[in-house]
Amino acid sequence: MYASTVRGLLVRGMLAGLIAGLFAFAVAYVVGEPPVRGSIAVEEAAAAQEAAPAPSGHAGHGGDAAPDGAAEEEEELVSRPVQSTVGLATGVLVYGVALGGIASLAFSFALGRVGGFSPRATAALTAAGAFALVYLVPFLKYPATPPAVGNPDTIGQRTTLFFLMILLSVLLGVGAIILGRRLAPRLGNWNATLTAAGGFVVATALAFVVLPDNSDAVQPGFPAALLWEFRVASLAVQLVLWTVFAVVFGVLAQKLLTTRTDSTEATAQQHAPALG
């Protein structure tokens with residue numbers, strides 16, 4: 001029975017992730033695409049300025065170099081309109097389904113172990129924790145940057161640091177939950193929660209200090225307003241994704257678990273020995 005319940009929650013989590021992905025895609029397209037287009041325009045303008053022919057005596061050399069540079073450019077495999085529509089939708093939906101499945105498994109583990117919360121409340125807590133640990137904390141250390149803005153030679157290093165921050169955030173979050181549960185019998189639930197949360201904040205601050213910064217994540221001269229707009233849009237996409245997931249999955253999980261509980265109780269009553 002437990003395995004079938006987890007399987008049912010997994011399916012519903014992936015479905016909720018798909019629905020949340022649809023909402024997130026809408027926000028990403030409406031709010032996120034304008035700063036992406038703006039950053040690409042900034043990059044193209046900088047590239048055009050660098051490729052401009054040199055003045056005076058070097059004009060002939062510049063004129064000869066331009067065709068060679070154009071010939072060396074690789075043909076774009078996927079056009080920008082396709083990237084901003086089909087490509088964006090595919091990426092966001094797959095991301096939503098994957099995270100929905102993982103979050104449903106975390107919900108299955110947390111249900112009944114983090115307090116006497118209902119399935120809906122547990123779903124909301126799970127989604128809030130996932131949003132904070134998987135995205136918000138790493139975002140505070142390594143904020144999102146538009147494509148083609150940072151130094152392309154360091155993209156591997158920046159990606160490694162970001163995923164390392166995610167791993168540390170999740171491990172510290174799990175450690176804070178374990179600490180809170182162990183302190184609860186002695187300190188009470190409220191004081192134990194505050195102590196665990198304080199320990200998480202301190203440990204996260206230490207991680208922020210120890211891990212290196214992305215000093216070359218944004219090239220000098222990039223418009224600060226455009227960068228801020230992109231980061232706010234990125235945060236909004238994630239917030240919408242996890243909020244919709246919490247609402248949809250909470251409803252689906254509540255319905256599933258209530259139905260399973262009623263079915264179990266009815267079966268128990270049928271098999272109970274008759275009195276008298």
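What to note about this one:
- Any chance ALA203 is at pLDDT 85 or above, open to solvent by less than 60 Å² (accessible area, probe 1.4 Å), more than 23 Å from ALA98 (Cβ to Cβ) and among the small types (Gly, Ala, Ser): yes
- Here GLY156 fulfils each of the conditions (1) of a type in the set (Gly, Ala, Ser); (2) closer than 25 Å to VAL240 by Cα; (3) part of a helix (DSSP H, G or I) apart from (2).
- When GLY175, GLY101 are screened for being closer than 29 Å to ALA3 by Cβ and either surrounded by 15 or more Cβ atoms within 10 Å (Cβ to Cβ) or in contact with a Phe, Trp or Tyr (Cβ under 6 Å, 6 or more places away or on another chain) (or both), only GLY101 passes.
- The set of residues from the range 131-165 being polar (S, T, N, Q), open to solvent by 40 Å² or more (accessible area, probe 1.4 Å) and modelled with pLDDT under 80 comprises ASN151, GLN157.
- Within the range 1-35, the residues that satisfy the criterion of being over 17 Å from LEU88 (Cβ atoms), out of contact with any Gly (no Cβ under 9 Å at 6 or more places or on another chain) and not polar (S, T, N, Q) are MET1, TYR2, ALA3, VAL6, ARG7, GLY8, LEU9.
- Of all residues in the range 8-23, those that are within 11 Å of VAL240 (Cα to Cα) have Cβ atoms under 8 Å from Cβ atoms of residues that are of a type outside the set (Val, Ile, Thr) and open to solvent by 60 Å² or more (accessible area, probe 1.4 Å), 6 or more apart or on another chain, in GLY21/TYR95.
- Yes/no for LEU125 being part of a helix (DSSP H, G or I) and open to solvent by 50 Å² or more (accessible area, probe 1.4 Å): yes
- Residue match in the range 192-211 (condition: without any contact (Cβ under 8 Å) to a residue 60 or more places away in the chain, touching a helix residue (DSSP H, G or I) at 6+ places or on another chain (Cβ under 9 Å), of a type outside the set (A, V, I, L, M, F, W, C) and in a loop (DSSP other than H, G, I, E, B)): no
The values are calculated or read from the model by the stated rules, or taken from the named source; none is laboratory data. Since the model is a prediction, treat every value here as computed from it, not as a measurement. Heads up, the Cβs are rebuilt from the backbone with ideal geometry, glycines too, and the neighbour counts pull from every protein chain shown. The area values use the complete protein model at the heavy-atom level, side chains included, leaving out ligands, DNA and RNA. Shrake-Rupley method; radii C 1.70, N 1.55, O 1.52, S 1.80 Å.
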